[in-house]
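Encoded as structure tokens, the structure appears first; notes follow it.
The values are calculated or read from the model by the stated rules, or taken from the named source; none is laboratory data. Since this is a predicted model, take the numbers as computed values, not measurements. Here the Cβ positions follow ideal geometry from the backbone for every residue, glycine too, while neighbour counts run over all protein chains shown.
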Amino acid sequence: MLILKGFLLKKQRGKKTENKLKRIPLSDENLKKLFTSKIYTNKKEYTLKYEAEKYWIPLIAIYTGMRQNEICQLYVEDVKSETISTGEEVFYFDINEKDDKHLKNENAFRRVPIHPQLIEMGLLDYINEVKVKHCRLWPNLTLHPTEKRYGTLYNSRFSTFFRSYISKDKNQVFHCMRHNVSTQLLNNAVKYKIPKDLVNRLMGHEPADDETSQSYFDGYSIEALYEGIKNLHFSNII
């Protein structure tokens, strides 16, 4: 009986892995379509003034790998900073379950540095502006009455826009950008000799199975995490 249970569990893990492999990054073509769409071009000024979430949320996703709802439920106080050894002030998102926030699992609790490209684009300026009147980063997004998620309304609107202007392919969705980030982080881990477990920490994945990884998984400094994030680069993005 014990052998049979072990066999069944192993089969289930294999099936889960197989499903994950079906997830593919957003294609270069669709990335270009998204980030050169009207939101980022002829309607940019209007979008930033009245619907800032439409502009910033996809950019945060592609430069951090954060899940959609993790971004949608952010509060202003979740944006923090720390001075690293070089004297540079590194801003980061503190991903937590305070107040009415929800995370996928315990590995999702983490700190994700804000990519310098987002700062150059003006994200901190937006944050400083919105915090004068609001406690939440995206005031237009409200908590869904039954699902209790801030991402529900955003996901519906993004999906409609995406299907209309970017791609009809049902395999190409917002979540694909998380795979773009994960793929590049893993490639960079080899190129820049970054520990794979640091990539796991940034993405909110489980640590490796070895005892050392389990023990030190939460010990990465903001400086180390920033080294992992800052080398992300996408040529098809504004």
> Within the set of pairs 6 or more residues apart or between chains, which connect a residue that is closer than 23 Å to Arg149 by Cβ inside the stretch 127-138 to a residue that is of a type outside the set (Asp, Glu) with Cβ atoms less than 6 Å apart?
Replying inline: Ile127/Val79; Lys131/Val76; Cys135/Tyr75; Cys135/Val76; Arg136/Tyr75; Leu137/Leu74; Leu137/Val76
> Within the set of pairs 6 or more residues apart or between chains, which connect a residue that is more than 18 Å from Met66 (Cα to Cα) and touching a residue at least 12 places away in the same chain (Cβ under 8 Å) inside the stretch 79-90 to a residue that is among the polar types (S, T, N, Q) and part of a loop (DSSP other than H, G, I, E, B) with Cβ atoms less than 9 Å apart?
Replying inline: Glu82/Ser221; Ile84/Ser221
>> Out of Ser159, Ser182, Ser164, I need the residue that is farther than 24 Å from Gln73 by Cα and among the polar types (S, T, N, Q). Which one?
In response: Ser164
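Sort through Thr83, Thr36, Thr41, Thr17 and tell me the only one that's among the hydroxyl-bearing types (Ser, Thr, Tyr), exposed (fewer than 14 other Cβ atoms within 10 Å of the Cβ), more than 21 Å from Cys135 (Cα to Cα) and modelled with pLDDT under 95.
Numbers: Thr83 fails: modelled with pLDDT under 95; Thr36 fails: modelled with pLDDT under 95; Thr41 fails: modelled with pLDDT under 95.
Thr17 is the lone residue from the list that is among the hydroxyl-bearing types (Ser, Thr, Tyr), exposed (fewer than 14 other Cβ atoms within 10 Å of the Cβ), more than 21 Å from Cys135 (Cα to Cα) and modelled with pLDDT under 95.
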>> Among the residues that make up the stretch 154-162, is at least one of them over 27 Å from Lys230 (Cβ atoms) and modelled with pLDDT under 95?
In response: no
> Can you name every residue in the stretch 139-151 that is free of Cβ contacts under 8 Å to residues at least 40 places away in the same chain and either over 15 Å from Glu51 (Cβ atoms) or acidic (Asp, Glu) (or both)?
Replying inline: His144, Pro145, Thr146, Glu147
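Sort out which residues of the stretch 35-72 are assigned to a loop (DSSP other than H, G, I, E, B) and in contact with a strand residue (DSSP E or B) (Cβ under 8 Å, 6 or more places away or on another chain), and write them in order of number. Walk me through how you get there before you give the answer.
Step one: filter the stretch 35-72 for residues assigned to a loop (DSSP other than H, G, I, E, B), giving 36-37, 41-43, 51, 65-67.
Within the stretch 35-72, Gly65, Met66 meet the criteria.
Tell me which helices (runs of 4 or more DSSP H) are completely within the stretch 128-238 and hold 1 or more residues being surrounded by 15 or more Cβ atoms within 10 Å (Cβ to Cβ) and within 18 Å of the chain's Cα centre (by Cα), or say none if there are none.
Qualifying helices (runs of 4 or more DSSP H): 151-165, 176-191, 196-203, 222-229.
Matching residues to (1) within 27 Å of Tyr50 (Cα to Cα); (2) touching a Phe, Trp or Tyr at 6+ places or on another chain (Cβ under 9 Å); (3) modelled with pLDDT of 95 or more; (4) of a type in the set (Phe, Trp, Tyr):
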residue	(1), (2), (3), (4)
Ile95	yes, yes, yes, no
Leu103	no, yes, yes, no
Phe109	no, no, yes, yes
Val112	yes, yes, yes, no
His115	yes, yes, yes, no
Met121	yes, yes, yes, no
Tyr126	yes, yes, yes, yes
Val130	yes, yes, yes, no
Lys133	yes, no, yes, no
